[in-house]
Amino acid sequence: MNKQIIFNLPVKDLDTSKAFFSALGFGFNPAWSNDKAAFIEIVEGSVNVMLTTEAFFQSLTGKPVADAKQANEVVMCLSCESREEVDSLIAKATAAGARIPHPPEDNGFMYDQGFEDIDGHLWNLVWMAPQA
């Protein structure tokens, strides 16, 4: 069996969040999506994000849902194939309503920048030189 990583993220408005991630170029798997959740395939067959309505997320945990705009619960880091891919995804995220918390960081061997999605979840995009 192929192991997968699936991050579950609570969102305030599922349709708005789907539109945001669609604008970044991510696709959804309709077999694992419904009116309470949407399954994004980040890396086909291995890394995925399940966007869930806050009510559904809370039913899974029995705990209050943290407001990601007020407190950090996790930072998702996505590797990119080039600096240009980092910049392209940042531009798409910004156009779709993301907040950019800091300028890009260029260490020569590594280039990264992050964004805060429309629900406040933090994403970091990173390119690392192959020789690093």
Matching residues, the stretch 17-67, being surrounded by 16 or more Cβ atoms within 10 Å (Cβ to Cβ) and small (Gly, Ala, Ser): Ser17, Ser33, Ala37, Ala38
In the stretch 119-132, is there at least one residue being of a type in the set (S, T, N, Q), assigned to a loop (DSSP other than H, G, I, E, B), out of contact with any Gly (no Cβ under 6 Å at 6 or more places or on another chain) and touching a residue at least 40 places away in the same chain (Cβ under 8 Å)? no
If Phe57 satisfies every condition in (1) free of Cβ contacts under 8 Å to residues at least 24 places away in the same chain; (2) aromatic (Phe, Trp, Tyr); (3) touching a Pro at 6+ places or on another chain (Cβ under 9 Å) but one, which is the exception? (1)
So in the stretch 50-79, with the set limited to residues that are modelled with pLDDT under 95 and touching a Phe, Trp or Tyr at 6+ places or on another chain (Cβ under 6 Å), which one is nearest to Glu105 (Cα to Cα)? Met76
When you look at Asn34, is it over 17 Å from Leu125 (Cβ atoms) and among the polar types (S, T, N, Q), yes or no? yes
Criterion: under 30 Å from Asp87 (Cβ atoms), in contact with a Phe, Trp or Tyr (Cβ under 6 Å, 6 or more places away or on another chain) and hydroxyl-bearing (Ser, Thr, Tyr) - qualifying residue of Ser33, Ser17: Ser33
Any residue in the stretch 107-116 that is loosely packed, with under 13 Cβ neighbours inside 10 Å, at pLDDT 95 or above, outside any loop (DSSP other than H, G, I, E, B) and of a type in the set (Gly, Ala, Ser)? no
Can you tell which of Glu85, Glu73 is open to solvent by 40 Å² or more (accessible area, probe 1.4 Å), part of a helix (DSSP H, G or I) and among the acidic types (Asp, Glu)? Glu85
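The values are calculated or read from the model by the stated rules, or taken from the named source; none is laboratory data. Quick caveat: nothing in here was measured; it's all calculated off a predicted structure. Here the Cβ is made from the backbone with ideal geometry for all residues, glycine too, and neighbour counts use every protein chain on show. Each accessible area value is taken on the protein alone, full model and side chains, heavy atoms only, with ligands, DNA and RNA left out. Shrake-Rupley method; radii C 1.70, N 1.55, O 1.52, S 1.80 Å.
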